[in-house]
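*Asks:* Can you keep this structure in mind? I'll have questions shortly.
The values are calculated or read from the model by the stated rules, or taken from the named source; none is laboratory data. Here the structure is a predicted model, which means the values were calculated and not measured. Every residue, glycine as well, gets a Cβ built from its backbone with ideal geometry; the counts of neighbours run over all protein chains shown. Side chains included, ligands, DNA and RNA excluded: accessible areas come from the protein's heavy atoms. Shrake-Rupley method; radii C 1.70, N 1.55, O 1.52, S 1.80 Å.
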Amino acid sequence: ESMSNQETLPLNRQPEISYSSLTAASYGNTKSFDSDDKKYRGSDTNGKKYYHIGSVKGKSISLSTDSIPEEVTHLVPSKNVAESFHLLGYMIVLSIVIILGLMELHGLGRGKDYHAKQPIGPYQLESRQVGEDFFNSYTFYEGVDSAGSNGYQLYVSRKKAEADGIVKILPKRGMNSSDTSDSADSHEGHSTSVFLGTKATNGGPRDSIRLEGKVHYNRGLFILDLKHMPAGCGVWPAFWLSDEHNWPINGEIDILEGVNFQTHVKTAMHSTDGCTMANEPLGKATGTWDTAQGIPDAKTGIPDMTLRYATDCFVYDKHQWLNQGCVAKDLEDGKIGEPLNAKGGGVFALEWDPVNRHIRSWAFSPHSTVPPNLRESIATSGNSPDTRVLPDTEEWGLPFGYFAIGEGTNCSASHFKNMHLIVNTAFCGSVAGNRYFMDCPAQHKEYASCNEYIASNAEALDEAYWEINGIYVYQREWI
């Protein structure tokens with residue numbers, strides 16, 4: 001139609017105004033007028049053009065441009081009256097929506113609390129890895145070690161490990177058994193434990209196990225409860241988080257790592273450039289930072305004897321050992337390695353919480369030092385959800401390790417993402433092997449290299465095994 005639905009034709013009676021354009025053609029084809037059909041009708045009689053409007057005071061009226069009732073001020077296309085009311089209705093609804101939206105924004109400005117859901121609620125159990133179900137959470141990596149670690153072992157499949165006798169489920173050792181350690185009655189909820197061992201081979205490298213978690217995480221609370229960990233000269237066990245296929249882009253967090261005869265617990269983080277812990281707030285942790293000294297100059301090879309804290313997580317930081325990372329160290333001795341095993345094990349926990357802008361690490365050994373909330377969380381983890389005790393890290397005391405990440409820190413949270421759990425036992429390699437002559441002087445007198453010592457199948461290597469009560473993963477509820 002030549003007129004838009006929103007237009008009307010003003011009937012200004014000024015003589016100079018011509019209405020000659022008001023022809024029937026202006027409104028399309030004309031039809032006979034019916035009182036129920038509010039359309040225009042046009043006819044041509046003696047040169048005059050007549051038009052109908054739907055109603056004027058409830059009546060149908062015929063009009064000419066020469067004779068128009070006084071009560072009529074505009075011509076309105078009657079066929080569009082219904083459409084106009086529909087449009088008016090839409091405009092009213094839209095106006096109401098806009099007004100409500102402005103009211104909400106006004107409320108927000110006055111302090112009303114609006115936010116998208118975030119993982120800031122209580123911790124909820126996501127994965128309970130114990131007994132026969134333990135291995136459902138992992139795959140067995142099979143093959144040699146990575147070039148970076150270069151360990152002197154061969155990781156074997158589950159079938160080969162079972163044939164070797166280095167993977168098994170052990171029954172609970174009761175109080176009347178020969179086990180008099182603290183762990184014998186520490187967690188009555190444990191009916192079994194998981195054994196992950198190693199075995200000598202004729203070729204030299206030991207058969208070992210590397211378990212890789214099936215689930216990748218971007219946050220969480222990770223708890224390891226164990227009775228025994230691999231320890232001794234040349235031994236390099238670890239319980240850690242990583243995304244090996246995107247390393248170091250997605251980062252690495254070593255929750256528990258033992259090297260030779262070391263007895264201090266350490267938690268290390270490894271990242272790309274731009275993640276440092278140099279300005280950490282005081283009073284957040286009980287531990288200290290590991291140190292770096294004697295780093296050879298890249299050009300001259302001369303060792304730099306300046307003593308520095310290892311607070312740069314960048315794997316290639318020039319003032320730290322290659323891939324040393326930022327390393328938090330527990331000041332209390334005897335929580336890993338041989339002292340840990342003599343005390344019957346302990347519990348280790350890592351809280352990775354980007355929303356609250358921190359990664360924190362705890363170590364408790366013997367089991368009698370485990371905080372009540374943590375002890376009860378582990379003991380009731382197999383219960384129905386409504387009877388479980390949920391872990392509350394604020395009841396555990398200060399951690400030994402505190403790493404600030406996220407907004408307002410010197411380390412973006414994006415440095416650590418999409419990582420899965422790994423449990424493995426390596427030998428020698430780029431860490432334990434490089435420290436062999438310092439950490440194992442007695443063995444070094446008889447065996448020139450770490451690899452030679454491992455190949456000798458010394459009796460002490462029988463201690464290179466894990467015995468795990470359970471691994472537990474919790475995630476904060478989204479609220």
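*Asks:* Scan the stretch 371-395 residue by residue and report those that are in a loop (DSSP other than H, G, I, E, B) and hydrophobic (A, V, I, L, M, F, W, C).
*Replies:* V389, L390, listed by residue number.
*Asks:* In the stretch 298-315, is there at least one residue being within 21 Å of M419 (Cβ to Cβ), in contact with a strand residue (DSSP E or B) (Cβ under 7 Å, 6 or more places away or on another chain) and small (G, A, S)?
*Replies:* Checked the stretch 298-315: at least one residue is within 21 Å of M419 (Cβ to Cβ), in contact with a strand residue (DSSP E or B) (Cβ under 7 Å, 6 or more places away or on another chain) and small (G, A, S).
*Asks:* Then there's this: Out of everything in the stretch 198-232 that is of a type outside the set (A, V, I, L, M, F, W, C), assigned to a loop (DSSP other than H, G, I, E, B) and in contact with a helix residue (DSSP H, G or I) (Cβ under 8 Å, 6 or more places away or on another chain), what residue ends up being most open to solvent (accessible area, probe 1.4 Å)?
*Replies:* For the stretch 198-232, the residue satisfying everything is K214.
*Asks:* Can you tell me which of (1) among the acidic types (D, E); (2) within 24 Å of Y217 (Cβ to Cβ); (3) touching a residue at least 40 places away in the same chain (Cβ under 8 Å) is the one E394 doesn't meet?
*Replies:* So the condition that E394 fails would be (3).
*Asks:* I've got another one for you. State all residues of the stretch 323-365 that are of a type in the set (S, T, N, Q) and open to solvent by 50 Å² or more (accessible area, probe 1.4 Å); if no residue qualifies, say none.
*Replies:* The answer is N323, N356.
*Asks:* Report yes if A349 is in contact with a His (Cβ under 9 Å, 6 or more places away or on another chain) and among the aliphatic types (A, V, I, L, M), otherwise no.
*Replies:* It is false that A349 is in contact with a His (Cβ under 9 Å, 6 or more places away or on another chain) and among the aliphatic types (A, V, I, L, M).
*Asks:* Taking the condition of being assigned to a loop (DSSP other than H, G, I, E, B) and more than 18 Å from S146 (Cα to Cα), how many residues in the stretch 429-452 meet it?
*Replies:* The total comes to 5.
*Asks:* Still on this structure, I have one more. Go through S384, S368, S377 for me and flag whichever is among the polar types (S, T, N, Q), free of Cβ contacts under 8 Å to residues at least 60 places away in the same chain and either open to solvent by 60 Å² or more (accessible area, probe 1.4 Å) or under 28 Å from F135 (Cβ atoms) (or both).
*Replies:* S384
*Asks:* Then there is this: Considering only residues of the stretch 244-288 that are open to solvent by 50 Å² or more (accessible area, probe 1.4 Å) and hydrophobic (A, V, I, L, M, F, W, C), which is nearest to T409 (Cα to Cα)?
*Replies:* Among residues in the stretch 244-288 that are open to solvent by 50 Å² or more (accessible area, probe 1.4 Å) and hydrophobic (A, V, I, L, M, F, W, C), the one nearest to T409 (Cα to Cα) is A278.
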